[in-house]
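The values are calculated or read from the model by the stated rules, or taken from the named source; none is laboratory data. Everything numeric here is computed off the predicted structure, so don't read it as measured data. Cβ placement follows ideal geometry from the backbone for every residue including glycine, while neighbour counts extend to all protein chains displayed.
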């Protein structure tokens, strides 16, 4: 071994012991560029004993995540290109006016939710009512129970259209989260239209009825 | 060369400081509200990978996106639980005891900037299980949380990161919208109908040996919240044309043969009384309902009998019926 080699190894030892891991600069030439290269000397695909299980590596330098607005790369052993999670959700309108309810028609109003996400497990959107469709003095329109809002019967519920709708009949809103749309995979511009429907009987009390519906969409990665 | 071979792994071996992270799965954050700039609860779940889990002394960091404000959120506003399985939808969760710092079996919960850090004392969470964090008023262990996380301005792709010394990492995106609620309105117009079956009631020739009657129906429909009330009022007693004589009003609850008595009786579910009572020159309620009704029918029967002392003559009076819906 030459004196120079011995010096280099001594330098390496001192560098590691004194300053921790190297911060590696990018490697490049006229033909390539590696922003953060990795230098490994150990590790195996899976290490395990009765007490642990690990996908490990040893002596790795310059590994870690590099992020931008649109992606991140996870450099190093088993490094992966990670696409940032994306999720957009929109609600077409914050109001839904059913107008004057009658015993001879079904009054409706609609709004649209649009969802896009790259989540591996897709998304779930729920509706939650703050109470029945009701008046200030406590009267309310009965929730639908038979799957369809019928003329002349006091019933109130929602119907859905769209590929990712959660059900095909008319259903009542509830004070707990009601799933109205979902996908088990990533989606782009998944559109679901919610139509609120109401009919009344002659016994339905006069008055101004209202309720608030909260819309919550969650992506599942 | 032998020295080289021995030293190289030694040199690089002492610099081992990373076990590469695995990705968390089923990462989600269910928010109570997603409207811009308002407080919201969060329920964040993820599944630790095989070989993962949380070991004694390790931390789990939840870093909220820039723009979200944790404000006064602290460990009393946080619940931390481990699930019974790797299915976050069906797992049952065991809540951990949280304190400001980790100590033996008490987990530490702290907030700094955008990050909530959960620190294990001596406790562990097994690999391949669902872990749940609740922040806000949905945190109820040891008292209900008070402080919530305030949402950022409206926008998409807000990335919430999960990392820490427990080694595994995950992220999810949140969407904040201008409005996350729909106000539904409807109107039901007031209705009211009142029908009398006849405008006259002929008692015929009164006799001390029987009770003469005549009747008519009143039918009411209304969607008034407080229902309706129908009253009857007379313009005076049942009397002769010159006003010199009249038939005595019933006072004992029943028109009886041989007594000079005149009154009304009612039938129908909304009748106001079940005995026989006199008609007054002030409003007497004969029918009512406290709610909406359709076709509520009450029959009003006028009843009269006389004694041998009742003066001969033609008797009459006019009664007025008024029905009012109470909305």
**Prompt:** Taking the stated definitions as given, is residue B:37 in a loop (DSSP other than H, G, I, E, B), out of contact with any strand residue (DSSP E or B) (no Cβ under 7 Å at 6 or more places or on another chain) and closer than 21 Å to residue A:216 by Cβ?
**Reply:** no
**Count - residues of the stretch B:197-209 that are in contact with a strand residue (DSSP E or B) (Cβ under 7 Å, 6 or more places away or on another chain) and exposed (fewer than 12 other Cβ atoms within 10 Å of the Cβ)** = 3
**Item:** Total residues in the stretch B:220-231, condition more than 29 Å from the chain's Cα centre (by Cα) and crowded, with 20+ Cβ neighbours inside 10 Å
**Value:** 3
**Request:** Select the strands (runs of 3 or more DSSP E) contained entirely in the stretch B:77-120, then report the ones holding at least 2 residues which are buried (at least 18 other Cβ atoms within 10 Å of the Cβ).
**Result:** B:78-83, B:107-112, B:115-119
**Request:** Go through the stretch A:131-160 and give me each residue that's more than 24 Å from residue B:292 (Cβ to Cβ) and touching a strand residue (DSSP E or B) at 6+ places or on another chain (Cβ under 7 Å).
**Result:** A:158, A:159, A:160
**Prompt:** Given the conditions (1) crowded, with 16+ Cβ neighbours inside 10 Å; (2) in contact (Cβ under 8 Å) with a residue 40 or more places away in the chain; (3) within 11 Å of chain B (Cβ to nearest Cβ); (4) outside any loop (DSSP other than H, G, I, E, B), which single one is not true for residue A:182?
**Reply:** (3)
**Message:** It is to be established whether one or more residues within the stretch B:129-149 are more than 32 Å from the chain's Cα centre (by Cα) and over 23 Å from residue B:174 (Cβ atoms).
**Reply:** yes
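Yes/no matrix, rows are residues, columns are (1) more than 30 Å from residue B:37 (Cα to Cα); (2) without any contact (Cβ under 8 Å) to a residue 40 or more places away in the chain:
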| residue | (1), (2) |
| --- | --- |
| B:87 | yes, no |
| B:105 | yes, yes |
| B:150 | no, no |
| B:161 | no, no |
| B:178 | no, no |
**Message:** Being more than 14 Å from every other protein chain (Cβ to nearest Cβ) and modelled with pLDDT of 95 or more is true for just one of B:155, B:108. Which residue is that?
**Reply:** B:108
**Request:** Just one of (1) within 14 Å of another protein chain (Cβ to nearest Cβ); (2) modelled with pLDDT of 95 or more trips up residue B:167, so point out which.
**Result:** (2)
**Item:** Residue list for the stretch B:122-145, filter: surrounded by fewer than 17 Cβ atoms within 10 Å (Cβ to Cβ) and either on the phi < 0 side of the Ramachandran plot or not assigned by TED's automatic domain parsing to the domain that holds residue B:29 (or both)
**Value:** B:122, B:124, B:126, B:137, B:140, B:141, B:144
**Asked** Residues of the stretch A:190-221 being closer than 30 Å to residue B:193 by Cβ and more than 7 Å from chain B (Cβ to nearest Cβ), which ones?
**Response** A:197, A:199, A:201
